[in-house]
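**Student:** Supplied in structure tokens, the structure appears directly below.
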2 protein chains.
Amino acid sequence: MLSDTALAAFRSALGGERVFDDAATRALYASDETPRRVDPDAVLFPGSHDDVVALVRVAVEHRVAITPRGAGSGNVGGALPSPGSVVVSFECMRWVKEFDPVNRLVVVEPGVVTEEIDRLARSAGLFYPPDPGSAAYSRIGGNLAMNAAGPRAVKYGVTRDYVLGLRAVTGTGEEICTGCRTTKGVTGYDLTRLLVGSGGTLALVTEATLKLLPAPEGVATLRVCFASNHAALEAVSRVMRQAVTPCALEFMDQHAIDAIRPTGAADDLPDGTRALLMVEADGRADDLPRQIEALEHALAGDGMLEMRSGFDRDAIAQLWAARRSLSHAVKRIAPLKLNEDVVVPVSALADFVDFIDHVAGAQRLPIVSFGHAGNGNLHVNVMVDPDDGDALARAHLALESIMLRVIALGGTLSGEHGIGTEKRKFVPLEIAPATLELMRAIKRQFDPHGLLNPGKLFPD
Amino acid sequence: MLSDTALAAFRSALGGERVFDDAATRALYASDETPRRVDPDAVLFPGSHDDVVALVRVAVEHRVAITPRGAGSGNVGGALPSPGSVVVSFECMRWVKEFDPVNRLVVVEPGVVTEEIDRLARSAGLFYPPDPGSAAYSRIGGNLAMNAAGPRAVKYGVTRDYVLGLRAVTGTGEEICTGCRTTKGVTGYDLTRLLVGSGGTLALVTEATLKLLPAPEGVATLRVCFASNHAALEAVSRVMRQAVTPCALEFMDQHAIDAIRPTGAADDLPDGTRALLMVEADGRADDLPRQIEALEHALAGDGMLEMRSGFDRDAIAQLWAARRSLSHAVKRIAPLKLNEDVVVPVSALADFVDFIDHVAGAQRLPIVSFGHAGNGNLHVNVMVDPDDGDALARAHLALESIMLRVIALGGTLSGEHGIGTEKRKFVPLEIAPATLELMRAIKRQFDPHGLLNPGKLFPD
């Protein structure tokens, strides 16, 4: 429990209006999108870089653990309060410090909402490519912590590819500045990308310099129905073997399709549809027909039932709203969603979903798969009633078989959600002891007292 | 000096045919492209990952420093032997371990020549974007060490952006495996990008998994002449403000133009040409005219004298051969080239070259500038006779003013050459003490005995 002295020290460092320890606030910050809850001892709301330096110094002096938090929209417990910690919420650090369209960059505080960055960029004919499903409410600080991505990653890459430099505060309260403001730079070690994806375990980011790109002129969308998962994912592999890279290549299996039915987006699917691809091309308006033609050519094949294009803006918006709703909508299938975010080589996707079907059958549980198939990145959700102990045990067995298969196929445990608390135990499947030990050693250099987001990312 | 016991231990670990300590071999490996020479104590030629593990273990036991080396084509002393070290040349580790066009990746040993990777990729309709000027002979291991780039970086990014994963040996002889084989992955810390650009100071890379892209169908080239550096670089800024990103945007000043005259590539320039841009677009053949038109529109402006397009393949090859020859050709101006590789924001380029002119005048020395202007990356070469002590002192003053201006403009010391031995003293201008200390602390985790490329990257 946070001592009265430590609490008073936080209040004196930040001002009383930035430190809350009442039960209601603590309960509000007790969870992220995982179904677990841990009340933090207090919640701090720094308003500036200097506030962050000040609060870390108090935390060091009183040995108080810190759980950094953006919007709390993560799926792996990254923002789940470490027991006995204070939550540091960045929602008051929400200012764009600089917008330089000529040099195509923006400097933001960690609490800026992801979508706001894209909106600002578009006001000058630019865009910010990373588009996690939660972009409408996620904070860029959380995106940096997990190296967030989204549908556009198949063409444009992930958060890591758009971070030029960072200002951050280490676990000793030291300020560090990494990277640069230009599109090239190789002075010293690349601490920028070391911090991106580190889940708030190395330093607290207080400012990020992000790269922007010229906005594509238009978008065209295809909805393609298939008779099986296998057929849909064979088509994905064909698409990724030809020259036109789509800006989205999203897969939904039968369960996912059922989950979006209430939105109306699945009303007109042909009979026998068991899997769906949403395929999008972007670029110049007069080039879209050519891209769509090339994509259609690659998508056509065994098991393809229908291919629709020419959606208007409203219909496209409805499709995407349905796709984005999935992460929450699948919870209707069963109260608990054990969510994985695995990646396998694109050429192995079709066999991988066959294996998932096999596991679902063997463990008698619904498993919902959807996601960014163009990157080989699937969100695999084992749905289970947490009050049914036997089913829960089978769910965990299912997860374990899936993880083992991912590694055997040359894949990785997480594509964009990170490890957090939820995937820690699987990390040794992918990372060998010597490499993991080096990561721990790096952690100790940034955070010698182990105060930054303890209990995350590393296995016990 | 290497002890007989250590030498015998290397021979016993690798076999006699992989260990040379004769004077001729040592002299062959005494330098890179910098004008300094240090004979190594021996040269080792490992043939496999296991050889590298074995030799590092011997080095640890006998506390022998290691200078890793690719082709020795670096410009900053990265492969200059550290005094009393053995050179580890990777030229025998030159095999492509795997080529997977379906998943768009290639797994290579560090001694593979950069251009061979591109050639292999093109055999399957793909390409490897990073194209350093030395690609015809540089080794991918050296490219990884310095995060090499080249003209195409303006559109496609740098080496860092194409590395999916690495296998490497740390300074304790431990094997580490980083990253993954898929285009997304966020399991554990990003050691991959930490190693890229670390100049062989953290680990010796023994295998790299590289990402490939679909090859563009065609290329079109513009040669644009300007009456001044300032006018040319204002045009660069205009190009980088509109939507068509060229795949090359190369600048040459008057000195650079004079240096390529012997190649014939400057024979037909209009009178009054003081600066040149080579601008290239790539993509579908039928889209190139549109791109060229957009680029021409952006390039036109004050001080533009001539814009030529429609070069045939031979003429384009001649232009590029001339451009690539520059790094060596400028040495005709004066025996010693103090080469910088600075980056400034694109919008600041024109003012920056005016400043360079001012410095050249004040210090009475020719300064040659050329390079990848679309990234704001210029190679600034102060030309001097090393036997003229006064001139040499002025050359160093010139360099220092230039570096200070780069930092004041929000730029960075190195865009693609790295720091090596030559830029170490400038590093504190860019990186603050706390950040630098963290880098040193990371170095100690990978290389606690300080055996990997000592005397590089960090200031004294």
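**Student:** Could you grab me the full set of residues in segment A:142-170 that are part of a helix (DSSP H, G or I) and either among the aliphatic types (A, V, I, L, M) or open to solvent by less than 20 Å² (accessible area, probe 1.4 Å) (or both)? Let's see the steps before the verdict.
**Tutor:** Within segment A:142-170, the first condition is being part of a helix (DSSP H, G or I), and the residues that meet it are A:142-146, A:153-156, A:159-162.
Result: A:N143, A:L144, A:A145, A:M146, A:A153, A:V154, A:T159, A:Y162.
**Student:** I would also like to ask the following. Within the set of pairs 6+ apart or on separate chains, which have a first residue in segment A:151-162 that is outside the structural domain of A:P246 (by TED's automatic domain parsing), a second that is at pLDDT 95 or above and among the β-branched types (V, I, T), and C-beta atoms under 7 Å apart?
**Tutor:** A:V154/A:T245; A:K155/A:T245; A:T159/A:V196; A:R160/A:V196
**Student:** Identify all residues within segment A:253-269 that are farther than 16 Å from A:V382 by Cα, open to solvent by 30 Å² or more (accessible area, probe 1.4 Å) and free of Cβ contacts under 8 Å to residues at least 60 places away in the same chain; write none if there are none. Don't jump to the end; show me each part of the working.
**Tutor:** Step one: of segment A:253-269, the residues farther than 16 Å from A:V382 by Cα are A:260-269.
Now restrict to residues that are open to solvent by 30 Å² or more (accessible area, probe 1.4 Å): A:261-263, A:267-268.
If the condition is that a residue be farther than 16 Å from A:V382 by Cα, open to solvent by 30 Å² or more (accessible area, probe 1.4 Å) and free of Cβ contacts under 8 Å to residues at least 60 places away in the same chain, then A:R261, A:D267, A:D268 are the ones that fit.
Yes/no per residue for (1) of a type in the set (V, I, T); (2) on the phi < 0 side of the Ramachandran plot:
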{"site": "A:V380", "(1), (2)": "yes, yes"}
{"site": "A:P386", "(1), (2)": "no, yes"}
{"site": "A:D390", "(1), (2)": "no, yes"}
{"site": "A:A393", "(1), (2)": "no, yes"}
{"site": "A:I402", "(1), (2)": "yes, yes"}
{"site": "A:L413", "(1), (2)": "no, yes"}
{"site": "A:G418", "(1), (2)": "no, no"}
{"site": "A:K425", "(1), (2)": "no, yes"}
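**Student:** So which of A:V87, A:V52 ends up being of a type in the set (A, V, I, L, M), in a strand (DSSP E or B), touching a Ser or Thr at 6+ places or on another chain (Cβ under 6 Å) and open to solvent by less than 30 Å² (accessible area, probe 1.4 Å)?
**Tutor:** Values: A:V52 fails: in a strand (DSSP E or B).
When all the criteria are applied, what remains is A:V87.
**Student:** Of all residues in segment A:111-133 being within 18 Å of the chain's Cα centre (by Cα) and open to solvent by less than 10 Å² (accessible area, probe 1.4 Å), which is nearest to A:Y29 (Cα to Cα)?
**Tutor:** Narrowing segment A:111-133 to residues within 18 Å of the chain's Cα centre (by Cα): A:111-118, A:128-133.
Retained after the next criterion (residues that are open to solvent by less than 10 Å² (accessible area, probe 1.4 Å)): A:111-112, A:114, A:117, A:128-130.
On the way: A:G111: 15, A:V112: 18, A:T114: 20, A:I117: 25, A:Y128: 29, A:P129: 29, A:P130: 26 Å.
Per the criteria, the residue is A:G111.
**Student:** So which of B:L429, B:L436, B:L404 is touching a helix residue (DSSP H, G or I) at 6+ places or on another chain (Cβ under 8 Å), loosely packed, with under 15 Cβ neighbours inside 10 Å and part of a helix (DSSP H, G or I)? Spell out how you get there, then give the answer.
**Tutor:** Details: B:L429 fails: loosely packed, with under 15 Cβ neighbours inside 10 Å; B:L436 fails: loosely packed, with under 15 Cβ neighbours inside 10 Å.
Criteria check complete, one pass: B:L404.
**Student:** Could you list, in sequence order, all residues of segment B:93-110 that are more than 22 Å from B:D161 (Cβ to Cβ) and either among the hydroxyl-bearing types (S, T, Y) or buried (at least 16 other Cβ atoms within 10 Å of the Cβ) (or both)?
**Tutor:** Of the residues in segment B:93-110, the ones more than 22 Å from B:D161 (Cβ to Cβ) are B:93-95.
If the condition is that a residue be more than 22 Å from B:D161 (Cβ to Cβ) and either among the hydroxyl-bearing types (S, T, Y) or buried (at least 16 other Cβ atoms within 10 Å of the Cβ) (or both), then B:M93, B:R94 are the ones that fit.
**Student:** Just one of A:V368, A:V330, A:V346 is of a type outside the set (D, E) and within 14 Å of another protein chain (Cβ to nearest Cβ); which is it? If you could, list the steps in order and put the result at the bottom.
**Tutor:** On the way: A:V368 fails: within 14 Å of another protein chain (Cβ to nearest Cβ); A:V330 fails: within 14 Å of another protein chain (Cβ to nearest Cβ).
Of the residues listed, the single one that is of a type outside the set (D, E) and within 14 Å of another protein chain (Cβ to nearest Cβ) is A:V346.
**Student:** In addition: Could you run through segment A:171-184 and say how many residues are touching a residue at least 12 places away in the same chain (Cβ under 8 Å) and either of a type in the set (K, R) or open to solvent by less than 20 Å² (accessible area, probe 1.4 Å) (or both)?
**Tutor:** Final tally of qualifying residues: 6.
**Student:** Tell me, which residue of segment A:332-386 that is charged (D, E, K, R), over 22 Å from the mean Cα position of the chain (by Cα) and outside any helix (DSSP H, G or I) is surrounded by the fewest Cβ atoms within 10 Å (Cβ to Cβ)? Quick ask: steps written out before the conclusion?
**Tutor:** Step one: list which residues in segment A:332-386 are charged (D, E, K, R), which gives A:332, A:337, A:340-341, A:351, A:354, A:357, A:364, A:385.
Narrowing the set further to residues that are over 22 Å from the mean Cα position of the chain (by Cα) leaves A:351, A:354, A:357, A:364, A:385.
Applying the additional criterion that residues be outside any helix (DSSP H, G or I) yields A:364, A:385.
Values: A:R364: 10, A:D385: 13.
In this case the residue turns out to be A:R364.
**Student:** Output the residues belonging to segment B:441-450 that are more than 9 Å from chain A (Cβ to nearest Cβ) and open to solvent by 10 Å² or more (accessible area, probe 1.4 Å).
**Tutor:** Going residue by residue through segment B:441-450, those that are more than 9 Å from chain A (Cβ to nearest Cβ) are B:447-450.
Passing the criteria: B:P448, B:H449, B:G450.
**Student:** Now, a different point. Just one of B:A215, B:A220 is small (G, A, S), open to solvent by 20 Å² or more (accessible area, probe 1.4 Å) and either without any contact (Cβ under 8 Å) to a residue 24 or more places away in the chain or facing chain A (nearest Cβ under 9 Å) (or both); which is it?
**Tutor:** Numbers: B:A220 fails: either without any contact (Cβ under 8 Å) to a residue 24 or more places away in the chain or facing chain A (nearest Cβ under 9 Å) (or both).
None of the other options fit; the residue is B:A215.
**Student:** Taking the condition of a type in the set (K, R), modelled with pLDDT of 90 or more and in the same structural domain as A:G264 (by TED's automatic domain parsing), does A:R308 pass? Working first, answer last.
**Tutor:** Working: of a type in the set (K, R): yes; modelled with pLDDT of 90 or more: yes; in the same structural domain as A:G264 (by TED's automatic domain parsing): yes.
Yes; evaluated as a whole, the condition is true for this residue.
**Student:** Moving on. When you scan segment A:304-316, do you find a residue that is in a helix (DSSP H, G or I), hydrophobic (A, V, I, L, M, F, W, C) and more than 23 Å from A:T245 (Cβ to Cβ), even just one?
**Tutor:** We begin by selecting, within segment A:304-316, every residue in a helix (DSSP H, G or I); these are A:313-316.
Still in the running and hydrophobic (A, V, I, L, M, F, W, C): A:315-316.
Filter again for more than 23 Å from A:T245 (Cβ to Cβ), leaving A:315.
Scanning segment A:304-316 turns up at least one residue that is in a helix (DSSP H, G or I), hydrophobic (A, V, I, L, M, F, W, C) and more than 23 Å from A:T245 (Cβ to Cβ).
**Student:** A follow-up question, please. Condition first: within 14 Å of another protein chain (Cβ to nearest Cβ) and at pLDDT 95 or above. Can you find one or more residues in segment B:380-394 that meet it?
**Tutor:** Going through segment B:380-394, the residues within 14 Å of another protein chain (Cβ to nearest Cβ) turn out to be none.
Checking segment B:380-394: not a single residue is within 14 Å of another protein chain (Cβ to nearest Cβ) and at pLDDT 95 or above.
The values are calculated or read from the model by the stated rules, or taken from the named source; none is laboratory data. Bear in mind the structure is a predicted one, so any value in this text is a computation, not a measurement. In this analysis, Cβ positions are derived from the backbone assuming ideal geometry, glycine residues included, and neighbour counts consider all displayed protein chains. To get the accessible areas, we keep the full protein, side chains included, count just its heavy atoms, and leave off ligands, DNA and RNA. Shrake-Rupley method; radii C 1.70, N 1.55, O 1.52, S 1.80 Å.
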